[in-house]
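Take a look at the structure set out below.
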Amino acid sequence: MQGAFVKFIKPGAVVYDVGAHAGYHSLLCGLLVGPTGSVFAFEPHPGNRQSIRRQLRLNPGINITLMAYALSDRCSSVYLNCGPGRSQGYLSDEGDSAVEAKSIDYLVEKESLPAPDIIKIDVEGHEAQVLRGALKTINS
């Protein structure tokens, strides 16, 4: 995956890291987009967000915005199932905690986030819903 990032992500690009986990890919993307680009790291898991915040403190100047919600095909409250001691949560009908979900189309249209040039998605089986929620943005 790192090879693909290096090949396709250029300075000034906008990258969405959907399911940012501990932030490794977000940091790499942040280095690749440079000071004129931006990375939006989407991560609903509180423990993972804490790790990303730690990484951002250790790497000041990298343009990464941490977004504390899940991405899906709708804007609603969803459940995040973290399991005991797991850092790879997944959305389910039942879960440990309710989290906010938004769609990429909503973020671009209503919250004025810049449209992504590159989207990396790793959301434990919820990838199709993320893509359905981005169809207008991808097709424009």
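Derivation of every value follows stated rules applied to the coordinates shown; laboratory data play no part. Quick caveat, the model's predicted, so the values are computed rather than measured. As a convention, Cβ positions derive from the backbone with ideal geometry for all residues, glycine included, and neighbour counts pool all protein chains shown.
A few remarks follow.
- Averaging the sequence gap over all C-alpha pairs within less than 8 Å and six or more residues apart, then dividing by the number of residues, gives the chain a relative contact order of 25 percent.
- Antiparallel DSSP beta bridges within the chain, percent to nearest 5: 35 percent
- Lysine pairs meeting the criterion (Cα under 18 Å, 8 or more apart or interchain), as found in the chain: 7
- Here the gap between A68 and E124, fully extended at 0.36 nm per residue and compared with their Cα-Cα distance, gives a gain of 18.5 nm.
- Of all the options D117, D105, D17, the one that moves most in a Gaussian network model of the chain with Cα springs shorter than 10 angstrom is D117.
- Cut-off under 5 Å, modelled amide H: who pairs with L113 long-range: V108
- Loop sites by DSSP among the GluC sites (Glu not before Pro) of the chain, restricted to those with at most 11 other Cβ atoms within 10 angstrom, leave 1-93 as the longest stretch without any of them.
- Equivalent ellipsoid semi-axes - Cα gyration tensor, segment 30-140, angstrom: 22, 20, 11
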